Amino acid sequence: MNQTPVYIEGIRSQFPILKEKVHGKPLVYFDNAATTQKPQKVIDRINAYYSSENANIHRGVHHLSQVATKDYEDARIRIKNYIGAEKENEIVFTKGTTDGINLIASSYGELMKKGDEVLISAMEHHSNIVPWQLLAERKGIVLKIIPIRRDGTLDMARFEEMLNDRTKLVSITHISNTLGTINPIETIINRAHKFGAKVLIDGAQSIQHGEINVVNLNCDFFVFSGHKIFGPTGIGVLYGKASILESMPPYQGGGDMIKRVSFEKTSFNELPFKFEAGTPNIVGGIALGTAVEFMESIDTEQAFSFEKDLLSYAEKELLQIENLKIYGTSALKTSLVSFNVGTIHPFDIGTLLDKQGIAVRTGHHCTQPLMDFFEIPGTIRASFSIYNTKEEVDLFIHALKRALIALS
């Protein structure tokens, strides 16, 4: 068995769910690409909000409304600083990554015309495919797919060939949720900008695994979900350059996104409120700020480095198993591994792992076109976070071997 570093033990101690047992076995949670667990301070912040300051925001002059408004807007500022944005009005609260992409497709998409082109990749999550298909049907835009290689990396030569003056947007995942591939987004952004195209980065799988600075990246849009970075579900962030957001029509109509309403004409609110119609997920925004505060409180350089060690260790152990194949073998990967063993269905393996307390994801991971590319029904995906350990990897490997014996 491998000794867990003290700083990882310190991080683990802040997550109460990691002490749970599943089917009488210690929980080994390797489904972090789907959602991360929550530290106690985030859980406590949610409870504190509903216990002592619950009120609607932006509209009330009474004490509770003023407190809730300040905490909500302070969270926006903290998030702005965390991702390196220049202005707090460039931070739009959404329901999550999917909501952010749909906002851009619906709003920025209105600025496109028939024949304009949007580029996505063959490794995209369904949430970065379907909104553009809907836009293509609605507006007559052309959707182009950047191909990938068998190792799960983008065919960058083909990407460069696809760019032209009709390219209006490149919407690309920073890190594949299925393969773990880290895409060269700096290069993609620079190349796309040379043709005047805007770039949307899906940061759902990168926000929790490394430093993000949207100004240094020079991306036009960046979206992520709170629940991927130890915050609650139902809250997310769309970063957009202010000048671009100003040019976009509202995504939804309702309260808070308006300046003045009459039956003859409505004028819209300033950024970011123009894109935040209705009562928002107030506690979600506040608790996401707390999750960011948690990230700022730990040594992320050490934690991210240990994640990489976990990936290397897990892949080395997995590859010793007969007939096991890993999908996604890029030299640049984040801490997840997708694999199959022979012709055994992933669901069967996942079910037997669960009986031993091991939580992994099985299936197509909302990337069905990617599964079609590899001609498989799905994979088993083990995805790691900053609170996972090598001891847990050992338990996972032992449980996997037991499952394979039972299925043989």
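Read the figures in this text as sums done on the coordinates, not as results from a lab. Note that the structure is predicted; figures quoted are calculated from it, not measured. Here Cβ is always computed from backbone atoms with ideal geometry, including for glycine, and neighbour counts include all displayed protein chains.
Neighbour counts of other Cβ atoms within 10 Å put S297, S408, S338 in the fewest-to-most order S408, S297, S338.
Near D151, once Lys and Arg are set to +1 and Asp and Glu to -1 for all other residues with Cβ below 14 Å from its Cβ, the sum equals +2.
If you keep only loop residues by DSSP, which GluC sites (Glu not before Pro) in the range 279-375 have at most 16 other Cβ atoms within 10 Å of their Cβ?
E322, E375
Within the same chain, lysines fewer than 8 places from K194 are excluded, and of the rest, those with a Cα less than 19 Å from its Cα are K144, K168, K241.
Restricting to DSSP H runs of at least four residues, report the calculated mean residue ellipticity at 222 nm for the chain, -39500 (n - 2.57) per run over all residues, nearest 500 deg cm²/dmol. Only helices count here, giving -12000 deg cm²/dmol. For the range 94-163, averaging the sequence separation of C-alpha pairs within contact (under 8 Å, six or more residues apart) and dividing by the residue count gives a relative contact order of 31 percent. Each part gets one Cα centre, and for the range 11-32 versus the range 143-171 those centres are 40 Å apart.
Taking amide H as placed 1.01 Å from N in the peptide plane, the amide H of T167 sits under 5 Å from that of E117, each at least 5 places away or on another chain. Classification of the chain by its C-alpha gyration tensor yields an oblate form. The axis ratio a/c (a ≥ b ≥ c) is 1.5 or more, and b/c is at least a/b.
In the chain, the longest principal axis of the Cα atoms and the axis of helix 390-407 are about 70 degrees apart.
Taking amide H as placed 1.01 Å from N in the peptide plane, T94 has its amide H under 5 Å from the amide H of G236, V237, L238, each at least 5 places away in sequence or on another chain.
With a Förster radius of 51 Å applied to the C-beta separation of K70 and L332, the computed FRET efficiency comes to 0.80. Given +1 at the Cβ of Lys and Arg, -1 at the Cβ of Asp and Glu and no other charges, the dipole of the range 15-119 around its Cα centre is 380 debye to the nearest 20. Helix 40-52 axis versus longest C-alpha principal axis of the chain: approximately 40°, rounded to the nearest ten. Note on A48 and N216: with the Förster distance fixed at 30 Å, the Cβ-Cβ geometry gives a FRET efficiency of about 0.30. In the range 91-164, a dipole from Cβ-located charges (positive for Lys and Arg, negative for Asp and Glu) runs towards its positive end, and of L134, I148, F93 it is L134 whose Cα lies farthest in that direction. Distances between placed amide hydrogens fall under 5 Å for N177 paired with no residue 5 or more residues away or on another chain.
Using a 10 Å cut-off on Cβ atoms, rank the peptides 6-16, 235-245 from the highest mean neighbour count down. Walk me through the numbers before you get to the answer.
Numbers: 6-16: 15.5, 235-245: 22.5.
The packing order, highest mean first, is 235-245, 6-16.
Packing-based ranking of 278-290, 218-230, 357-369 yields 218-230, 278-290, 357-369, ordered from highest to lowest mean Cβ neighbour count within 10 Å.
Applying both filters, DSSP loop and at most 16 other Cβ atoms within 10 Å, to the trypsin sites (Lys or Arg not before Pro) of the range 148-182 gives R149, R150, R166. Label separation (K41 vs K19): 1.9 nm, computed from points 7 Å beyond Cα along the C-beta direction.
Entry note, the chain: relative contact order of 24 percent, from Cα contacts under 8 Å with a spacing of 6+ residues. The charge dipole of the chain, taken about the Cα centre with unit charges on the Cβ atoms of Lys, Arg (+1) and Asp, Glu (-1), comes to about 580 debye, rounded to the nearest 20.
Helix 130-139 sits at what angle to the longest principal axis of the chain, using alpha carbons and giving 0 to 90 degrees rounded to 10? Taking Cα atoms only, the helix is inclined about 40 degrees. Most simply put, the range 43-296 has about 45% antiparallel DSSP beta bridges, counting only bridges with both residues inside it. By the rule of a C-alpha distance below 24 Å, with chain neighbours fewer than 8 residues away ignored, the lysines paired with K308 are K19, K38, K228, K316, K325, K333, K390, K401. Each residue of the range 240-249 is assigned a 3J(HN,Hα), and the resulting list reads x, 4, 4, 5, 6, 4, 4, 7, 8, x Hz, derived from the Karplus form 6.51 cos²θ - 1.76 cosθ + 1.60 (θ = phi - 60°), x at Gly and Pro.
Note on the chain: with a GNM built from Cα contacts shorter than 10 Å, the maximum mean-square fluctuation among G60, G140, G328 falls on G60.
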